[in-house]
Amino acid sequence: MNKRTLALIALLMTFVTAAAFGKMDELNLSSDNGSYNDSKKIFYAQGNAHITIDENEIYCSEMEIHLTKDDNVEKAIFRKNIRIFQDKEKVQIGGEYAEYFKKDKQFVIRENSFYVDVEDEVAVFGDSIYNYDKEKIAIVQGNTRIYQKEIFAKGASVKYTRKDKLMEISGFPTVENQGSTYNAKKIIVNIEANTFSLEGGIDAVIINEDNGTE
């Protein structure tokens, strides 16, 4: 596909988004190759695909932009080497497969998923991530690992509330800090204060800094 056709697709995307919102709200799309299926109302982009949508700057290898019957943007699908940058929140999200539901402003990311809060120097890895922009909440599920300064934690699920800077870990959670290991029914990590609290069924192995024994 030549540059002229790609430019036309990008222009069409701008007007489609403008119609959806009733105002000139640009949605810029670029890629090495692209096409549009009018019967399915889907834009396809392959190779170095890039789009900015709802203040999310997204890079990936392939993407699909799905429209409703009324030509409103319904959702977007991203595949391979996905990197999502939210500069306002200083957050980076990624994985190998992602869906974005525009009405709810919700990302669902799967396969080698990660969530990084750059400002608070915390990174979370897991099997899947559900990121709710409206509620400022991220839920990471499956084999979750948290790296935050001197704290390392893991569990089955993590709920991160960005407003309160709290990570609630459940599902046999464990936290390691300065050589000591703590287990509990629930562990809450305060990202801003770099501290954690334990709730229910506490079991700990605490290292004495003076002599290196329990």
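Bear in mind these aren't lab numbers, they're just calculated from the coordinates by the rules spelled out. Just so we're clear, the structure is a prediction, and the values are computed from it rather than from any experiment. Neighbour counts run over all protein chains shown; Cβ positions are idealised from the backbone, glycine included.
Laid out as a table, the results:
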| quantity | calculated |
| --- | --- |
| Charge dipole (debye, nearest 20) of the range 78-177; +1 at Cβ of Lys and Arg, -1 at Cβ of Asp and Glu | 360 debye |
| Förster-model FRET efficiency, 35 Å R0, Asp32 and Tyr130, C-beta, rounded to 0.05 | 0.70 |
| Reachable aspartates and glutamates, given that their alpha-carbon falls under 15 Å from the alpha-carbon of Lys105 and they are not under 8 places away in the same chain | Asp54, Glu55, Glu57, Glu74, Glu89, Asp133, Glu135 |
| Backbone N under 18 Å from the Lys103 label point (7 Å along Cα→Cβ), restricted to the range 46-77 | 54, 65-77 |
| Gyration tensor verdict on the range 36-165 (Cα atoms; rounded if a/c is under 1.5, prolate if a/b is larger than b/c, oblate otherwise) | prolate |
| Gain upon complete extension [Arg83, Leu166; 0.36 nm per residue less C-alpha separation] | 27.5 nm |
| From phi via Karplus (6.51, -1.76, 1.60), per-residue ³J(HN,Hα) for the range 46-56 in Hz, x at Gly/Pro | 10, x, 6, 6, 9, 8, 10, 9, 6, 6, 9 |
| Cα centroid separation, the range 110-135 to the range 22-85 (Å) | 21 Å |
| From phi via Karplus (6.51, -1.76, 1.60), per-residue ³J(HN,Hα) for the range 37-42 in Hz, x at Gly/Pro | 9, 5, 5, 8, 6, 10 |
| In order through the range 125-142: 3J(HN,Hα) via Karplus (6.51 cos²θ - 1.76 cosθ + 1.60), integer Hz, x for Gly, Pro | 10, x, 6, 8, 9, 10, 10, 9, 5, 5, 8, 6, 10, 10, 10, 10, 10, x |
